[in-house]
Amino acid sequence: MMVQDFVKDAADQIRELILGSIEKARGSGLLPEGELPAFVVEIPGDTTHGDFATNIAMAGARAFKMAPPKIAAVILENLALEDSHFSKAEMAGPGFLNFFLKEQWFARVLLSVTAMGKDFGKTDVGGGKKVMVEFVSANPTGPMHMGNARGGAIGDCLAAALESCGHKVTREFYVNDAGNQIEKFGISLQARYLQIFKGEDAIPFPEDGYQGEDIKVLAARYADQHGDKLLALTDSEQKQALVVFVLP
C-alpha cells in the first residue's frame with residue numbers, strides 16, 4: 001500500500017466512525033433523524049492538535065438543530081475507536097473534532113516505505129506522456145557561474161520528478177559550441193593573443209568582443225605553451241587553433 005493510500009484509508013475510516021457514531025446517537029434519541037450534511041476530513045495545519053480534523057459538528061448545526069459543541073460531544077460519546085487507527089478523539093474550538101493516530105499506524109507506514117525501496121513516492125499519474133525538459137545552455141565562451149550550476153541541478157531534478165510520476169522524459173542539454181558565439185570567441189582570443197606579441201596599441205580589441213579577463217588568461221596560456229607560432233598562420237587558422245586549444 002502506498003503512503004497516500006494509508007492517509008486516505010485513515011481519513012475514510014474517520015468518516016465511517018462518525019457515521020457510525022451518528023447512527024448510534026440517533027438510535028438513542030440523542031440526535032434527530034434527517035439528511036446528513038456534507039463535511040470535511042482533513043490534515044490540520046498544526047498537527048499538535050490532532051493528525052486529522054473534521055468540521056462535522058459545525059456543518060451539522062442546521063441539520064441537527066443543535067449547537068456545534070453539543071453535536072461534537074454527542075459524537076465523541078458514541079465513537080467506537082477500539083479497533084480503529086486512532087488512539088483518541090477530542091473537541092477543539094467551536095466544535096472541531098480532532099483525531100489522533102495510534103503509533104501502530106505510523107509503524108505500518110514506515111514498513112511500507114521500507115518495502116517499496118527506490119519505488120517509494122513513484123506514481124503512474126503521468127501515464128507515459130512524453131515530456132521534454134530543456135535546461136542549461138552551457139556557455140563555453142565564459143567561466144561557469146552559479147546560474148549554470150543551479151540550472152543543471154534544478155533541470156535534472158525536475159526531469160527526475162516527472163519520471164517518478166510516470167512521464168516518459170527526454171532531457172535536452174545544450175552546449176553552444178558552434179555559430180556566431182564561437183566566432184566571436186575566436187576573434188576575442190586572437191586579439192588578446194596578438195596583443196601579447198605586438199602590443200595593445202597595435203592590435204585594437206574588437207568592440208563586440210568578449211571583455212572578460214578569462215580571455216586574456218586563455219590567450220596567455222596558449223602563448224606560454226606554443227609561443228608565437230600562430231603569427232605565421234592566416235587569420236582563420238589563428239582563430240581556429242585558439243578555439244580548438246580552449247575547447248578541445
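The values are calculated or read from the model by the stated rules, or taken from the named source; none is laboratory data. All values derive from a computational prediction rather than experimental measurement. In this analysis, Cβ positions are derived from the backbone assuming ideal geometry, glycine residues included, and neighbour counts consider all displayed protein chains.
The set of residues in the stretch 135-154 that are closer than 22 Å to Gly179 by Cβ and surrounded by 12 or more Cβ atoms within 10 Å (Cβ to Cβ) comprises Phe135, Val136, Ser137, Ala138, Asn139, Pro140, Thr141, Gly142, Asn148, Gly151, Gly152. Whenever a residue of the stretch 113-129 is surrounded by 13 or more Cβ atoms within 10 Å (Cβ to Cβ), its partners that are part of a loop (DSSP other than H, G, I, E, B) and at pLDDT below 90, lying with C-beta atoms within less than 6 angstrom and at least six residues away or across chains, give the pairs Val113/Phe120.
Hey, any hits in the stretch 80-103 for a residue that's assigned to a helix (DSSP H, G or I), surrounded by 14 or more Cβ atoms within 10 Å (Cβ to Cβ) and not basic (Lys, Arg)?
The answer is no; no qualifying residue exists.
Cβ-Cβ contacts under 7 Å between residues 6 or more apart (or on different chains), taken from a first residue in the stretch 75-98 that is in contact (Cβ under 8 Å) with a residue 60 or more places away in the chain to a second residue that is β-branched (Val, Ile, Thr), are listed as Leu97/Thr54; Leu97/Ile56; Leu97/Ile75. What are the residues in the stretch 10-49 that are of a type outside the set (Val, Ile, Thr), under 27 Å from the mean Cα position of the chain (by Cα) and surrounded by 12 or more Cβ atoms within 10 Å (Cβ to Cβ), if any? Across the stretch 10-49, the qualifying residues are Ala10, Ala11, Pro44. Annotation note: of Gly209, Gly186, the sole residue that is of a type outside the set (Lys, Arg), assigned to a loop (DSSP other than H, G, I, E, B) and touching a helix residue (DSSP H, G or I) at 6+ places or on another chain (Cβ under 8 Å) is Gly209.
Of the residues that sit in the stretch 200-220 and are farther than 10 Å from Leu189 by Cα and touching a residue at least 24 places away in the same chain (Cβ under 8 Å), which one is surrounded by the fewest Cβ atoms within 10 Å (Cβ to Cβ)? My answer is Asp208.
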